[in-house]
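The values are calculated or read from the model by the stated rules, or taken from the named source; none is laboratory data. Worth saying up front: this structure is predicted, and the values here are computed from it rather than measured. Here the Cβ positions follow ideal geometry from the backbone for every residue, glycine too, while neighbour counts run over all protein chains shown.
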Amino acid sequence: MKWIPDPTGRFPVRPYYELDELETECERIITGFLERRYGQIIIPVPTDALRVLIESEPAGLDVHADLSQEGEEIHGLTEFVPGSKPRVSIARELTTQSWRAHRGRTTLTHEYAHLHWHGPLFERYRPAGERHKCARGKLLPGSGEADWMEWQAGYISGALLMLRSRIQLLVEAFRREHRAATVINTSSVEGRLLAGRVSEIFDVSREAASLRLLQLGHLAA
């Protein structure tokens, strides 16, 4: 990790991580947490475990929050309030509507990323009494580009739910079974089958599975 200027002006500097650093840290966090809690690594990571992971930061967690006033696309918020522990709010529909369970899981890990990776920055640099909310999918004003903090949280979310080492094992088994090429096209029959298998094994949406496979180079657009 190295420090570079923060283009958002939120902090004087911000951390820049190589992808391998993020992958290694995500694997360390999840495997260590699961082994302490269950004595083994469980895949998919149980949703209840993700909630406990957030609370272990420590942070307050409300999985039945009314976020309707925040806008239709806001499903999770992390508030950093100086002098007290952070608070994570998850839109209640992600908890009560079973068909949105996948979005609920990725939202939990997204907000955890803010807590673990970005919380220390708020603690160090933000002035006393200021309240900040992190909104998933936030764009930089006037640029159309993703906020670096939101991009990091999104990448980390996938890496926590779909561990790189476990994806590798699954992909290797899939290639042997289907005699598939080293890199599989996303739109091919094999590509759709592989994304579906990742979705099933890791309890994530097909969209999240495809994105993760693309990020790791197992699928090609």
(request) Return a yes/no flag: does segment 65-77 have any residue that is within 19 Å of GLY158 (Cβ to Cβ), touching a Phe, Trp or Tyr at 6+ places or on another chain (Cβ under 9 Å) and in the same structural domain as ASP147 (by TED's automatic domain parsing). (result) no
(message) What pairs come out if I take residues in segment 96-118 that are within 22 Å of SER56 (Cβ to Cβ) and pair them with residues that are among the basic types (Lys, Arg) and part of a helix (DSSP H, G or I) whose C-beta lies under 9 Å away, six or more apart or interchain?
(response) LEU108/ARG51
(message) With the structure loaded, tell me whether ALA59 is touching a Pro at 6+ places or on another chain (Cβ under 7 Å) and surrounded by 15 or more Cβ atoms within 10 Å (Cβ to Cβ) or whether it fails that test.
(response) yes
(request) Scan segment 168-203 for residues that are of a type in the set (Val, Ile, Thr), under 18 Å from TYR155 (Cα atoms) and touching a Pro at 6+ places or on another chain (Cβ under 8 Å) and report the count. (result) 0
(message) Here are the criteria: (1) in contact (Cβ under 8 Å) with a residue 40 or more places away in the chain; (2) touching a strand residue (DSSP E or B) at 6+ places or on another chain (Cβ under 8 Å); (3) surrounded by 12 or more Cβ atoms within 10 Å (Cβ to Cβ). Tell me which single one TYR16 does not satisfy.
(response) (1)
(request) Please indicate, with yes or no, whether at least one residue in segment 144-152 is part of a helix (DSSP H, G or I), free of Cβ contacts under 8 Å to residues at least 24 places away in the same chain and in the same structural domain as ILE43 (by TED's automatic domain parsing). (result) yes
(request) Kindly check whether there is at least one residue in segment 141-154 that is modelled with pLDDT of 90 or more, among the aliphatic types (A, V, I, L, M), more than 24 Å from GLN69 (Cα to Cα) and under 21 Å from the mean Cα position of the chain (by Cα). (result) no
